[in-house]
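Enquirer: My structure is below; once you've seen it, I'll send some questions.
Computed from the coordinates by the stated procedures, all read-outs in this text should not be read as laboratory data. The model shown is predicted, which means the values in this text are computed figures rather than measured ones. Neighbour counts are summed over all protein chains in view; Cβ atoms, including those assigned to glycine, are modelled from backbone coordinates with ideal geometry.
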Amino acid sequence: MDLKYGFVYEGNKTREISFPLGGIGAGCVGLGGNGRLMDFEIFNRPNKCSYNGYSGLAVKAEDESGVVDARCLQGDMLSGYTGDPLGNYGHGVNQQSMAGCPHFERSSFTGAFPFARVDLSDGHFPGQVSLTAGNPFIPLNDKDSSLPGAFFELAFTNPTERALTYTTAFFLANPAAGKNRHVFHEKPGVSYLVLDNDNHAPDAAEYGHLCIATDSDAAAHQNYWYRARGPIL
């Protein structure tokens, strides 16, 4: 998407960016200046500096011989590594920011509400990636503008002379406590994974669920995180 009229931020100027993604009155999730997801304000109250477990996006590039490179879809964490102010200050960067995972060394942020774009590149990743995110904001249409959703579009540019296959992964933690239920559905034109729970009845004020959906015709899914076995002592 062309955001030629947006403001472009790079380096230290991306530090305080949290671009709100979500419908009017429906809460929001912040898109950080480096592309990470943050500020999960989806519980009917302010919730700045929050994380939703290990939630975000990742990409990989493959050629005919296999995986060339894979990394989280976000740029570097800027300095100030003592921790966030919500109970982790003095203990370093929160692991849920995924700052310690392989990510992109160069990133820039372009904001033009209701859309934002993060452009990323790295010397080890073959190609450039652009993540465009947006709100369901339609002037004079308050009903559709209030949908509780955020929309993402990725574009890959392959500057090499070899054929590459790019894959995107969206991973989302279920914030509900108790017994969770994750169910995958497929319908013509859309595949979606619903993250639900049994804590509250659907008509209760406390009830809520999340959903990841895609219109890709080559979607794969995993309902739950793989819980690895610990070391045998």
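Enquirer: Take the Cα atoms of the range 122-225, build their convex hull, and give its volume per residue in Å³.
Expert: Spelled out: Cα convex hull of the range 122-225, divided by residues, is 169 Å³.
Enquirer: Next up: Using θ = phi - 60° and the Karplus relation 6.51 cos²θ - 1.76 cosθ + 1.60, list the HN-Hα couplings for the range 108-123 in order, rounded to whole Hz, with x at every Gly or Pro.
Expert: Per-residue couplings from phi come out as 9, 10, 10, x, 8, 3, x, 10, 9, 9, 10, 9, 10, 8, 7, x Hz.
Enquirer: Please list, ordered by chain and number, the residues whose modelled amide H lies under 5 Å from the amide H of V68; skip anything fewer than 5 residues away on the same chain.
Expert: Distant-sequence amide H within range of V68: A61, E62, D63.
Enquirer: Within 12 Å, Cβ to Cβ, of A169, how many net charges do the neighbouring residues add up to if Lys/Arg are +1 and Asp/Glu are -1?
Expert: Taking every Cβ under 12 Å from that of A169, the sum is +2.
Enquirer: Okay, moving on. Where a ≥ b ≥ c are the square roots of the eigenvalues of the C-alpha gyration tensor, would you call the chain rounded, which needs a/c under 1.5, or, failing that, prolate if a/b is larger than b/c, or oblate?
Expert: Here the chain falls in the rounded category.
Enquirer: Please list, in chain and number order, the residues 5+ apart from S146 or on another chain whose amide H is under 5 Å from its amide H, with Hs placed from the backbone.
Expert: Residues meeting the amide H criterion: I24.
Enquirer: Along Cα→Cβ, 7 Å out, is where each label goes; now give me the distance between the ones at L3 and A112 in nm to one decimal.
Expert: Result for the modelled spin labels: 0.9 nm.
Enquirer: As I understand it, the dipole of the range 7-173 uses +1 on the Cβ of Lys and Arg and -1 on the Cβ of Asp and Glu, about the Cα centre. Which of G111, V8, C49 lies farthest toward its positive end?
Expert: Going by the charge dipole, the pick is C49.
Enquirer: Divide by every residue of the chain the summed helix terms, -39500 (n - 2.57) for each DSSP H run of at least 4, and state the resulting mean residue ellipticity at 222 nm, rounded to the nearest 500 deg cm²/dmol.
Expert: That calculation yields 0 deg cm²/dmol at 222 nm.
Enquirer: Kindly identify the range 1-46 as rounded, prolate or oblate by the Cα gyration tensor criterion: order the square roots of the eigenvalues as a ≥ b ≥ c, call it rounded if a/c is under 1.5, otherwise compare a/b with b/c, prolate if a/b is larger, else oblate.
Expert: Judged from the Cα gyration tensor, the range 1-46 comes out oblate (a/c at least 1.5, b/c at or above a/b).
Enquirer: Still on this model: Ratio to report: Rg/Rh of the range 175-220, with Cα atoms as the point set and Rh obtained by the Kirkwood method; give two decimals.
Expert: That ratio equals 1.07.
Enquirer: Which GluC sites (Glu not before Pro) in the range 1-81 sit in a loop by DSSP (not H, G, I, E or B) and have at most 15 other Cβ atoms within 10 Å of their own Cβ?
Expert: Hits after loop and neighbour filter: E16, E64.
Enquirer: Under a Cβ-Cβ cut-off of 13 Å, what is the net charge of the residues other than A220 that fall near it, where Lys and Arg count +1 and Asp and Glu count -1?
Expert: -1
Enquirer: Still on this structure: Quick one, what does Rg over Rh come out to for the range 30-86 if you take C-alpha atoms and the Kirkwood Rh?
Expert: 1.11
Enquirer: Also, I was wondering about something else. Pull out the extension gain between H209 and Y89, defined as 0.36 nm times the separation in residues minus the alpha carbon to alpha carbon distance; nm, one decimal.
Expert: Full extension of this stretch gives 40.2 nm more.
Enquirer: Between D76 and I138, what is the label-point separation in nm under the 7 Å Cα-to-beta-carbon projection?
Expert: 4.2 nm
Enquirer: Right, something else. For the range 177-233 and the range 13-29, compute the distance between their C-alpha centroids and round to whole Å.
Expert: 23 Å
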